[in-house]
Amino acid sequence: MSISTKKPQQSIAADVFIPRAHQWVQLRNPLSDYSEDAALLLCPGDRDRWIAWIPGFGQATLERSQLLKAID
């Protein structure tokens, strides 16, 4: 009988943020001094962009790099 000494691999995929429509997300930086730092993703746009609604700003097209994480 052999005993495995391998450590279980951690799932990297569990920490990956995948944006989806109708999801609130934290922005890396607010778009203006008066807007919130959160956005509601409405639908995907072109080339890794998202159409979003931002309180205090309105509708905007965001680059994927502007999205930090999902808000619960």
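For region 17-32, enumerate the residues that are of a type in the set (S, T, N, Q), surrounded by 14 or more Cβ atoms within 10 Å (Cβ to Cβ) and not in a strand (DSSP E or B). Passing the criteria: only Gln23. Under the condition of being among the acidic types (Asp, Glu) and out of contact with any strand residue (DSSP E or B) (no Cβ under 7 Å at 6 or more places or on another chain), the residues counted in region 19-40 number 1.
When the residues of region 33-60 are filtered to those that are loosely packed, with under 15 Cβ neighbours inside 10 Å and among the aromatic types (Phe, Trp, Tyr), which remaining residue is modelled with the lowest pLDDT? The qualifying residue modelled with the lowest pLDDT is Tyr34.
Got at least one residue in region 9-19 being of a type in the set (Ser, Thr, Tyr) and modelled with pLDDT of 95 or more? No, the conditions are met nowhere in region 9-19.
The values are calculated or read from the model by the stated rules, or taken from the named source; none is laboratory data. These numbers were taken from a predicted model, which means no experiment stands behind them. Please note: Cβ atoms are built from the backbone with ideal geometry, for glycine as well, and neighbour counts cover all protein chains shown.
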